[in-house]
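To start, the structure under review is shown below, and the notes come after it.
The values are calculated or read from the model by the stated rules, or taken from the named source; none is laboratory data. Treat the numbers as computed from the prediction; the structure is a model and nothing was measured. Neighbour counts run over all protein chains shown; Cβ positions are idealised from the backbone, glycine included.
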Amino acid sequence: MQQMKALHLDTIALLLSGKLLLRKEIPLDDRQFHTLLNHRLITPVPSIVRERFTWKCQRCGNRHRFLFSSLDKASIYCRKCIEMGKVIKSECLYIWSGAIPTWKKYEAACSWNGELTLAQAKAAERIVQTIQKRESTLLIWAVCGAGKTEMLFPGMEEALRYGMRICIATPRTDVVLELKPRIKKAFSTVPIDALYGGSKVKLATAQVVICTTHQLLRFQHAFDLIIIDEIDAFPYHKDPSLAFAAKRAKKLNSTTIYLTATPRLKFRLQMATKQLSYTFVPIRFHGYPLPIPKLKLCRSLRKNLQYSTPPPALLHWIQQRENKGRQLLIFLPTVEITRKFEKSLTTFFLKHGIIIMPSALSCVHAQDEDRNWKIKQFREKEIQVLLTTTILERGVTFPAVDVAVLDAGHEVFDEAALVQIAGRAGRSFDDPTGEIIFFHDGKTIAMIKAVEMIKEMNKQGGF
Amino acid sequence: MYCLWCSEPIIQQLTWQNFFFPDIKKLCVYCDSLLEKIDGDRCHKCSRQCDQAICFDCQRWEKEKERDTLVFNYSIFQYNIFMQELIAKWKYRGDVELGNIFRDAVRKGFTPTFAAMKKHAIAVPIPLSKDREKERGFNQAKILADFLPIKSELVLHRMEGEKQSKKSRKERIQSINPFTITKSINKPVILVDDIYTTGTTLRHAGKVLKENGCPEVFGFTLIRG
């Protein structure tokens, strides 16, 4: 009987330790909950605290006065993180204060038997060192298609040897879904949980957690190694609450590894002043340079976008491409324009024989429910031409595509986005090059800087 | 001021008019443009945007005289994707503040339609069941009723039941009447709710009111689903 109770307590500890939860997120009935509370195994912490002139949400770190609201005085709530469940001032958040579960040590957990390139191996070695020395931060600046995920494997193996708990966080759900099977395959003996908005698992109990950065809001002092992928991506770089959550999710003595292909100014300054240690991987895994985008002026672009007619230069480019067997990935600035263009481009491409069936062209955007299915279809070459908003700008790999950006001067296409978009082309051994073209009606600084950055990275890679 | 939906700052041009009569916007220009009002021809009975004077659904209701207790329903907005997200966050996530977005539109929509009966009509918000109100912390219909320039009274009581939004049209129309009345009203009543979907809820409430001496029942809803 005693043994059973202890066993049960272990599972609860596994569920709750390292987390910061609302009462309704804790899967215990009232009786169990109050017993644990009385035994001081669960500790309540205030959810919203008063600060000078404002409040502070203890879950997301929000301090903006306008992001707090209330029905009456007692029920002030945080509007910032309400999508994760409402945090009300009169209700506490709970942390586990019982025994912390120990994590298993794996001698050789990595079952991946591919080979790292020289550049990858150098970066991987650096990660291993950082973990061994328990350094606090490391930034990996690797060009698009350098094979970032594989570089992490030796480091993760090392961390698992010490029995560390690992989190891989990324701003986007699509990337979580793509990473999960790859990590699972490489670490087949280690339990892995994937968390994202709408995932079946809500409370991760595995040693390795792959999650969106939003999910980190539910963690506190949980991880020994935290890897944050694509730190320059939306929404991570714009939302201070995510950085706040990432900081809280790690243990006091832990290592944070940032991964990026296009570090923002803030990080570049920190690197230049040696406040942040970093390593640069300038070569793609197949050893070829990054393809450089071409800029193409389209004077009629405004009108083309307004009436959803394809610009003549687009057709010209498509017909002049050197390898017509490649699939086409066309980026558009907004969801609305993408939807409108789907119809007009289908008829236009059918007319010019670029696609044979109407089903060979499709569009994806953030509000599209079938987007995972469509991306899969595109990968399997069922779809020849895919129109997309910036959701596919990063983290996804297609073997052989040519990339076009319509209205590259739009504000959603900033420098980082354009570099990332350019990075979609030429990502496989079999087809290491690709064409990228930005259609614009006036160069923007973002476009020029993006091209400069790609050239600079190629130069550093020795091309 | 910040937009209640996207949190971007709202910058308003200062004019003499809004200097003296501040007109506080709750949504930025872009988010505001995503709200679609019902304009042009609409069904005279249920406010659905259509060419017919009485839409197909309402013709079906008119065949069943004793169940059709509503004179007409007036709605303001269409139920588009943005509205679905907005309502989901407001009602189900519990972001009470978002209700204020509708304050102006509700007042402006209400006045021309119900001007004639403004003096003696009473607004009655559709209640939530006790459990659901406790879970949610507020009743969205009551918030809307409080925006109106007429007196509002909570005279209805709702028994526990399944969520309406989880049922099909047939199930909704054939469901039993969940309302009881706590006080009878002998003036015209304007029932207030957030969404008119099949009209069953409003008609159930109307039936109870009519059986207890109310002469006429109207509907005023934010959205025509």
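Summary table below
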read-out: Residue among A:LEU361, A:LEU386 that alone is in contact with a strand residue (DSSP E or B) (Cβ under 6 Å, 6 or more places away or on another chain), over 26 Å from A:PHE285 (Cα atoms) and buried (at least 22 other Cβ atoms within 10 Å of the Cβ); value: A:LEU361
read-out: Restricting the stretch A:348-371 to residues that are within 24 Å of A:ASP174 (Cβ to Cβ) and assigned to a loop (DSSP other than H, G, I, E, B), the residue that is modelled with the lowest pLDDT; value: A:GLN367
read-out: Hits in the stretch A:43-69 (condition: of a type in the set (Ser, Thr, Tyr), in contact (Cβ under 8 Å) with a residue 12 or more places away in the chain and farther than 17 Å from A:LEU22 by Cα); value: A:THR54
read-out: Condition met for A:LEU67 (more than 14 Å from chain B (Cβ to nearest Cβ) and among the hydrophobic types (A, V, I, L, M, F, W, C)); value: no
read-out: Strands (runs of 3 or more DSSP E) fully within the stretch B:107-225 counting 1 or more residues that are basic (Lys, Arg); value: B:156-158, B:217-224
read-out: Of all residues in the stretch B:61-89 being assigned to a helix (DSSP H, G or I) and modelled with pLDDT under 90, the one that is farthest from the chain's Cα centre (by Cα); value: B:LYS63
read-out: Only listed residue being under 25 Å from A:PHE285 (Cβ atoms) and touching a Cys at 6+ places or on another chain (Cβ under 6 Å), chosen from A:GLY395, A:GLY423, A:GLY462; value: A:GLY423
read-out: Condition check for A:ARG126: buried (at least 18 other Cβ atoms within 10 Å of the Cβ), within 14 Å of another protein chain (Cβ to nearest Cβ) and not hydroxyl-bearing (Ser, Thr, Tyr); value: no
read-out: Looking only at the stretch B:80-89, and only at residues there that are surrounded by fewer than 18 Cβ atoms within 10 Å (Cβ to Cβ) and touching a residue at least 12 places away in the same chain (Cβ under 8 Å), the one that is farthest from the other protein chains (Cβ to nearest Cβ); value: B:ASN80
read-out: Test: residue in the stretch A:87-95 that is more than 14 Å from chain B (Cβ to nearest Cβ) and closer than 21 Å to A:MET271 by Cα; value: no
read-out: One residue from A:ILE436, A:ILE375, A:ILE421, A:ILE391 being among the β-branched types (Val, Ile, Thr), surrounded by 24 or more Cβ atoms within 10 Å (Cβ to Cβ) and under 21 Å from the mean Cα position of the chain (by Cα); value: A:ILE421
read-out: Selection status of B:ILE54, closer than 18 Å to A:PHE66 by Cβ, hydrophobic (A, V, I, L, M, F, W, C) and away from chain A (no Cβ under 14 Å); value: no
read-out: Given (1) β-branched (Val, Ile, Thr); (2) more than 14 Å from chain A (Cβ to nearest Cβ); (3) under 21 Å from the mean Cα position of the chain (by Cα), number of the condition B:VAL96 does not satisfy; value: (2)
read-out: Among the candidates A:GLU342, A:GLU380, residue that is touching a Cys at 6+ places or on another chain (Cβ under 7 Å) and not hydrophobic (A, V, I, L, M, F, W, C); value: A:GLU342
read-out: Residue check for B:THR201: closer than 20 Å to B:CYS58 by Cα, in contact (Cβ under 8 Å) with a residue 40 or more places away in the chain and hydroxyl-bearing (Ser, Thr, Tyr); value: yes
read-out: Matching residues, the stretch B:104-135, being in contact (Cβ under 8 Å) with a residue 12 or more places away in the chain and among the hydrophobic types (A, V, I, L, M, F, W, C); value: B:ALA105, B:VAL106, B:PHE110, B:PHE114, B:MET117, B:ALA121, B:ILE122, B:ALA123, B:VAL124, B:ILE126, B:LEU128
read-out: Flag if A:LEU328 is touching a residue at least 40 places away in the same chain (Cβ under 8 Å) and either touching a helix residue (DSSP H, G or I) at 6+ places or on another chain (Cβ under 7 Å) or under 19 Å from A:ILE437 (Cβ atoms) (or both); value: yes
read-out: Test for A:GLY98: is it within 21 Å of B:GLU8 (Cα to Cα), in contact (Cβ under 8 Å) with a residue 40 or more places away in the chain, more than 14 Å from chain B (Cβ to nearest Cβ) and not aromatic (Phe, Trp, Tyr); value: no
read-out: In the stretch B:8-28, the residues that are touching a Cys at 6+ places or on another chain (Cβ under 9 Å) and within 24 Å of B:PHE77 (Cα to Cα); value: B:GLU8, B:ILE10, B:LYS25, B:LYS26, B:LEU27, B:CYS28
read-out: Residue that is surrounded by the most Cβ atoms within 10 Å (Cβ to Cβ), among those in the stretch B:90-103 that are without any contact (Cβ under 8 Å) to a residue 60 or more places away in the chain and in a helix (DSSP H, G or I); value: B:GLY99
read-out: Among (1) surrounded by fewer than 23 Cβ atoms within 10 Å (Cβ to Cβ); (2) more than 17 Å from the chain's Cα centre (by Cα) - the single one A:PHE223 does not satisfy; value: (1)
read-out: Count of the stretch B:1-35 residues which are away from chain A (no Cβ under 14 Å) and not hydrophobic (A, V, I, L, M, F, W, C); value: 8
read-out: Test set (1) outside any helix (DSSP H, G or I); (2) modelled with pLDDT of 90 or more - A:ASP431 fails condition number; value: (2)
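Residues are listed down the side, and each one gets a yes or a no for (1) within 23 Å of the chain's Cα centre (by Cα); (2) not assigned by TED's automatic domain parsing to the domain that holds A:LYS247:
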{"residue": "A:CYS60", "(1), (2)": "yes, yes"}
{"residue": "A:CYS81", "(1), (2)": "yes, yes"}
{"residue": "A:GLY85", "(1), (2)": "yes, yes"}
{"residue": "A:THR102", "(1), (2)": "no, yes"}
{"residue": "A:LYS105", "(1), (2)": "no, yes"}
{"residue": "A:ALA108", "(1), (2)": "no, yes"}
{"residue": "A:ASN113", "(1), (2)": "no, yes"}
{"residue": "A:ALA123", "(1), (2)": "yes, no"}
{"residue": "A:GLN132", "(1), (2)": "no, no"}
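Okay, residues lined up against (1) farther than 29 Å from A:ILE88 by Cα; (2) more than 14 Å from every other protein chain (Cβ to nearest Cβ); (3) aromatic (Phe, Trp, Tyr):
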{"position": "B:SER129", "(1), (2), (3)": "no, yes, no"}
{"position": "B:GLY137", "(1), (2), (3)": "no, no, no"}
{"position": "B:SER152", "(1), (2), (3)": "no, yes, no"}
{"position": "B:HIS157", "(1), (2), (3)": "no, yes, no"}
{"position": "B:GLY161", "(1), (2), (3)": "no, yes, no"}
{"position": "B:ARG169", "(1), (2), (3)": "yes, yes, no"}
